[in-house]
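Enquirer: First, the structure itself, so that you have it in front of you.
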Amino acid sequence: MMITKLLKNTIEDLFANGKGILAMDESTPTCDKRFSSNGIPQTLEMRRNYRELLATTPGLNESIGGAILYDETIRQQTKDGEPIASVLMNAGIIPGIKVDLGAKDLAGFPNEKITEGLDGLRERLAEYKSLGARFAKWRAVITIGDGIPTRTCIDANAHALARYAALCQEAGLVPIVEPEVLMDGNHSMQRCYDVTEHALKALFDQLYFFHVDLEGIILKPNMVLAGKDSKEKNSIEEVAQATVNCFLSSVPAAVPAIAFLSGGQSPQQASQHLNAINKDYKERLPWIVAFSFARAIQQPCLEAWKGQSSNLEAAQKLLYHRAKLSAAARRGEYKLAMEDHG
Ligand code: 13P
């Protein structure tokens, strides 16, 4: 009972006043990939500098209630020797932590992934809590392709997500439960709808079997979109409608909040879709519908920074602006014209 109250308080704080979540938990290989495409050296020091830039952005807490960190970052300090987690807390931003150990090939199932990291998780959660984390994240990856996803892949990932979520709640941490159906491929929006619906229904079955309290989780899903390489072009309204219908049919109303990932959409697209969902379907949504974007908030900032301290202020301004537009979209108040006022 006490735990439920604690989890609810954390969720309330994360999304208070129309705020959302900044995902800044790229694993080292992912962070290196993003750095390399922007000509930034892939070093420990550069990753530290970048995470310090993000965490110290003035006014970030106006739009961001929580930030997801990577294991390396939650142990790092700013140049002045302050833990990055404390910088966030002092700014009124709740630190969270990515606790999965990555999506690995699922043996016997070509091109499918299973997320690892359950062994020793109870002990790791206790440590992260002592470092200041109040919520956690686990990402499952579902790929659409010829004959995939298989039921085995969907069920195995749902099972792992539920075991992770139960351990988080036991520890008093809010689990962000992320079953990501990838945008990669040339599939239709309808195919994404069907796979997302299947993945969500399988997930909520497992959450039930593992006694996870739905009032103490945050769901982090993909939006319902045609594949990146599909010729199908859907309007913003079509995406919003398909996404809302899919989630109404598969996510219980007891879940307090859905925080979308951006998944490779441009920052503007992600904002437009989130905005349409909140603006056009306000009365039908039983949950808070917010964001937990990485790329759709960080991209312009990372491109402007280029790893150079002389660009720090300009990069922080772009981060602040993108976070603000995401929060406007979460309230259904985003307008295209706001893009120009960076
Ligand atoms: P994107 O918003 O870049 O998809 O990242 C969100 C995330 O945290 C993926 O796990």
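Enquirer: Mind checking which residues of the stretch 270-283 are under 13 Å from E339 (Cα atoms) and either within 16 Å of the chain's Cα centre (by Cα) or not in a helix (DSSP H, G or I) (or both)?
Expert: A270, S271
Enquirer: Among the residues that make up the stretch 200-213, is at least one of them within 26 Å of M338 (Cβ to Cβ), of a type in the set (V, I, T) and touching a residue at least 40 places away in the same chain (Cβ under 8 Å)?
Expert: For the stretch 200-213, residues within 26 Å of M338 (Cβ to Cβ), of a type in the set (V, I, T) and touching a residue at least 40 places away in the same chain (Cβ under 8 Å): absent.
Enquirer: Next question. Within the stretch 313-342, take every residue that is away from the ligand (no atom under 16 Å from the Cβ) and among the charged types (D, E, K, R) and give me the one that is surrounded by the fewest Cβ atoms within 10 Å (Cβ to Cβ).
Expert: Per the stated criteria, the residue is D340.
Enquirer: Right, something else. Restricting attention to the stretch 263-312, which residues are buried (at least 20 other Cβ atoms within 10 Å of the Cβ), more than 10 Å from the ligand (Cβ to nearest atom), hydrophobic (A, V, I, L, M, F, W, C) and within 21 Å of I217 (Cβ to Cβ)?
Expert: The answer is L274, I277, V289, A290.
Enquirer: List the number of the failed condition for G66; all other conditions in (1) within 15 Å of the ligand (Cβ to nearest atom); (2) in contact with a helix residue (DSSP H, G or I) (Cβ under 7 Å, 6 or more places away or on another chain); (3) in a helix (DSSP H, G or I); (4) not aromatic (F, W, Y) hold.
Expert: (3)
Enquirer: I need the helices (runs of 4 or more DSSP H) fully contained in the stretch 1-62, keeping only those with at least 2 residues that are more than 22 Å from P83 (Cα to Cα).
Expert: Working: elements: 2-15, 28-37, 44-55.
Helices (runs of 4 or more DSSP H) meeting the threshold: 2-15, 28-37.
Since every read-out is calculated from the coordinates, none of them should be taken as a lab result. Quick caveat: nothing in here was measured; it's all calculated off a predicted structure. Neighbour counts are summed over all protein chains in view; Cβ atoms, including those assigned to glycine, are modelled from backbone coordinates with ideal geometry.
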